[in-house]
Each structure stands twice: as C-alpha cells, then as structure tokens.
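All of the numbers you see were taken from the coordinates with simple rules; none came from a lab. Owing to the predicted nature of the structure, the values given are computational and were not obtained by experimental measurement.
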Amino acid sequence: MMQLPASVRRVPEHTAEHINQAIRRETLGNIAHYANRTADIDRRLEELDREWDIERTLETNASSLALIGLGLGTFVDKRWYILPAAVAAFLLQHGLQGWCPPVPVLRRMGFRTRHEIDVEKYALKILRGDFKDISTDVQDKEKLLKAVEL
C-alpha cells in the first residue's frame, strides 16, 4: 500500500530544501524583528490571519482555471474541457502527495503552508506573553484554549 506523507509535511517534502530554508529564514527574521517591538505584535498577528497559505492559493487558482475551461469548452471549443480535467487531476495529486506543477512556483514566491504561518503566530504569542499565566490545571482549559486560538 502506498504511504502518503502527513498533511503538515507534504508540501515541504516536495519543495527544494533551499526554498524551505529561505522560508524558514524569513520566518525567523520576522520573529527576531518583533522580539524587540512587542507593541507591534498585534498588528503582525492580524497580518498573519490575512496571509493566504499555499492551499488557499492553489484552491482559488484551480477553481478559476476549471471555470475558465468549462466556459471555453461550452462557448468556444469542446477541446477546452481538457483544462478542468487536468486541473482536477493536479488538485487530486496535490491533495494526496502535496505536489502539483504550481507548487514549486508558489513556494519560490514565498507562499507558506498553514503550519508555517502558525509557527510564526505561536512564536509571536509567546513573545507577547500569552502563555505565561497558563497552567496545566484542567480548570484553566478556557485560558489555554484562548491562548492557542489562532
């Protein structure tokens, strides 16, 4: 039986290591920058909430291309129906393996996975002090949940 990569690792596993390292360096640089500017962390967290991860970008681009292909197939030439079929196949491949033709391009452009974005968010929350008053006591579960909510 074919072993599929874990969701959190599937895109980085299919990305060139120098690109993964560049993304990591940028994240570390962001964390270092805000370590000295804790008053600006709230604004950065809002920016991270709006950042499109690679999945959202792929889904949006794929659905756009599929709709264009359907329109062209309907109104121009039936051979255009191959476009939504190819897009669907690539999207399935990405869902299973974490790779499809646009992934290397998007990663070079700096698109991060949701996990990579969340790592920066957690680091900033630690710098802001969101976890300092959290205990492992079950009674503090609401505080704990609030601290880790993204």
Among all the lysines, which ones have a C-alpha under 18 Å from residue 121's C-alpha, if same-chain residues fewer than 8 places away are not counted?
-> 132, 143, 146
Hits among aspartates and glutamates - C-alpha to C-alpha of residue 141 under 20 Å, sequence gap 8 or more where chains match = 130, 133, 149
Give me the angle, in degrees from 0 to 90, between the Cα long axis of helix 114-128 and the longest principal axis of the Cα atoms of the chain, rounded to the nearest 10.
-> 20 degrees
May I ask for the angle, rounded to the nearest 10°, between helix 82-97 and the longest principal axis of the chain, with both axes built from Cα atoms and the value confined to 0 to 90°?
-> 30 degrees
If you take all C-alpha pairs in the chain, what percent of them are over 28 Å apart?
-> 39 percent
